[in-house]
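Taking it in order: structure first as structure tokens, then the write-up.
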Amino acid sequence: MANGAAAAAIAQAIKASGALVRVSPADFSTIVGRVDSPLVVMSVGRFLGTTYHYLTSYKGLIFYTKSPEQLLMKGNTEFVIAKSIYIPS
């Protein structure tokens, strides 16, 4: 239940702030590495192949990336697995 609440909170923050930054997978990993106890929301898309989608917040902005491979994160990263992540175009 807490995982769903965290995902809903991040989704609400995106709607409220409108500050969504798309970055490369390498830059996303760098940003996550700067946080002491990072929270990352992840979903797996399976349309025309597998794609991993990631969200995290850093200094008031929401960062998003997608990758054909799972990203490696440091050991203390907390994950919320979402059914899907919707990113407005």
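Look at region 76-89: where a residue is within 19 Å of Val35 (Cα to Cα) and a partner is loosely packed, with under 10 Cβ neighbours inside 10 Å and among the small types (Gly, Ala, Ser), sitting 6+ places away or on another chain with Cβ atoms under 8 Å, you get Asn76/Ser37; Glu78/Ser37.
Tell me yes or no: at least one residue of region 48-68 is over 13 Å from Ser29 (Cβ atoms), among the small types (Gly, Ala, Ser) and in contact with a Phe, Trp or Tyr (Cβ under 8 Å, 6 or more places away or on another chain). The answer is yes, given that some residue of region 48-68 is over 13 Å from Ser29 (Cβ atoms), among the small types (Gly, Ala, Ser) and in contact with a Phe, Trp or Tyr (Cβ under 8 Å, 6 or more places away or on another chain).
Across region 3-47, the qualifying residues are those that are of a type in the set (Val, Ile, Thr), at pLDDT 75 or above and within 18 Å of Lys59 (Cα to Cα), and the one among them that is surrounded by the fewest Cβ atoms within 10 Å (Cβ to Cβ) is Thr30.
The residue pairs whose first member lies in region 26-50 and is within 11 Å of Glu78 (Cα to Cα), whose second member is among the small types (Gly, Ala, Ser) and in a helix (DSSP H, G or I), and whose beta carbons are closer than 6 Å, counting only pairs six or more residues apart or on different chains, are Val41/Ala7. Please work out if Tyr52 is among the hydroxyl-bearing types (Ser, Thr, Tyr) and modelled with pLDDT of 95 or more. It is true that Tyr52 is among the hydroxyl-bearing types (Ser, Thr, Tyr) and modelled with pLDDT of 95 or more.
Scanning region 51-68 for residues that are in contact (Cβ under 8 Å) with a residue 24 or more places away in the chain and either exposed (fewer than 12 other Cβ atoms within 10 Å of the Cβ) or small (Gly, Ala, Ser) (or both) gives Ser57, Gly60, Ser67. Here is the figure for region 44-65: residues that are polar (S, T, N, Q) and under 20 Å from Ala19 (Cβ atoms) total 3.
The values are calculated or read from the model by the stated rules, or taken from the named source; none is laboratory data. Predicted, not measured: the structure shown is a model, and the values here were computed from it. With ideal geometry, Cβ positions are generated from the backbone for all residues, glycine too; neighbour counts draw on all protein chains shown.
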